[in-house]
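I have placed the structure first, in the form of structure tokens, so that the comments after it can refer back to it.
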Amino acid sequence: MKKIISLTAAIFLITTGIGTSVPIQADAASGIYKNCTTFNKQYQKGVAKSANTKNKVISRKTNKVSYKALSKGTKISSQIYKKAMKNNNDLDRDKDGIACER
């Protein structure tokens with residue numbers, strides 16, 4: 001009886017996927033990010049599509065737009081930017097060419 005219960009439990013775990021390891025970075029490797037929180041786990045300062053990109057900053061008080069240089073540590077890669085934006089346009093809400101800038 002114990003062998004049948006053990007065998008049934010093992011089959012259940014194998015068929016449902018419980019007990020199997022799934023790589024956490026699978027979405028990151030495919031370029032699919034749910035939101036900026038998951039994107040920033042891989043790219044802490046965001047990703048710019050070119051080195052000439054300027055960070056668009058909108059003042060909350062005056063609603064005035066200004067442009068600043070890229071933050072130190074921002075990854076520059078048009079391939080990563082395009083791949084991320086293809087799957088989720090919300091990663092660059094201000095449309096300045098920097099995905100999930102901090």
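The values are calculated or read from the model by the stated rules, or taken from the named source; none is laboratory data. Just so we're clear, the structure is a prediction, and the values are computed from it rather than from any experiment. Don't worry about glycine lacking a Cβ; one is built from the backbone with ideal geometry, like all the others, and counts go over all protein chains shown.
Criterion first (assigned to a loop (DSSP other than H, G, I, E, B), out of contact with any Ser or Thr (no Cβ under 8 Å at 6 or more places or on another chain) and modelled with pLDDT under 90) does Asp90 satisfy it?
Details: assigned to a loop (DSSP other than H, G, I, E, B): no; out of contact with any Ser or Thr (no Cβ under 8 Å at 6 or more places or on another chain): yes; modelled with pLDDT under 90: yes.
Against the criterion (assigned to a loop (DSSP other than H, G, I, E, B), out of contact with any Ser or Thr (no Cβ under 8 Å at 6 or more places or on another chain) and modelled with pLDDT under 90), Asp90 does not qualify.
Restricting attention to region 64-87, which residues are farther than 15 Å from Ser50 by Cα and out of contact with any strand residue (DSSP E or B) (no Cβ under 9 Å at 6 or more places or on another chain)?
Lys86, Asn87
Going through region 39-73 one residue at a time, which ones are surrounded by 14 or more Cβ atoms within 10 Å (Cβ to Cβ) and not in a strand (DSSP E or B)?
Matches in region 39-73: Phe39, Asn40, Gln42, Tyr43, Lys45, Gly46, Lys49, Thr53, Lys54, Leu70, Ser71.
Is it true that Lys54 is in contact with a Phe, Trp or Tyr (Cβ under 7 Å, 6 or more places away or on another chain) and of a type outside the set (Phe, Trp, Tyr)?
Values: in contact with a Phe, Trp or Tyr (Cβ under 7 Å, 6 or more places away or on another chain): yes; of a type outside the set (Phe, Trp, Tyr): yes.
Against the criterion (in contact with a Phe, Trp or Tyr (Cβ under 7 Å, 6 or more places away or on another chain) and of a type outside the set (Phe, Trp, Tyr)), Lys54 qualifies.
Suppose we keep only residues that are surrounded by 15 or more Cβ atoms within 10 Å (Cβ to Cβ) and out of contact with any helix residue (DSSP H, G or I) (no Cβ under 7 Å at 6 or more places or on another chain) within region 78-102. Which one would you say is nearest to Tyr33 (Cα to Cα)?
We begin by selecting, within region 78-102, every residue surrounded by 15 or more Cβ atoms within 10 Å (Cβ to Cβ); these are 80-81, 83-85, 88, 91-92, 96-101.
Those left that are additionally out of contact with any helix residue (DSSP H, G or I) (no Cβ under 7 Å at 6 or more places or on another chain): 80-81, 83, 88, 96-97, 101.
On the way: Ile80: 11, Tyr81: 11, Lys83: 10, Asn88: 7, Asp96: 19, Gly97: 17, Glu101: 14 Å.
The selected residue is Asn88.
Could you please let me know if Lys68 is of a type in the set (D, E, K, R) and modelled with pLDDT under 90? So that I can check it myself, show each step before the final result.
Details: of a type in the set (D, E, K, R): yes; modelled with pLDDT under 90: yes.
So Lys68 passes the test.
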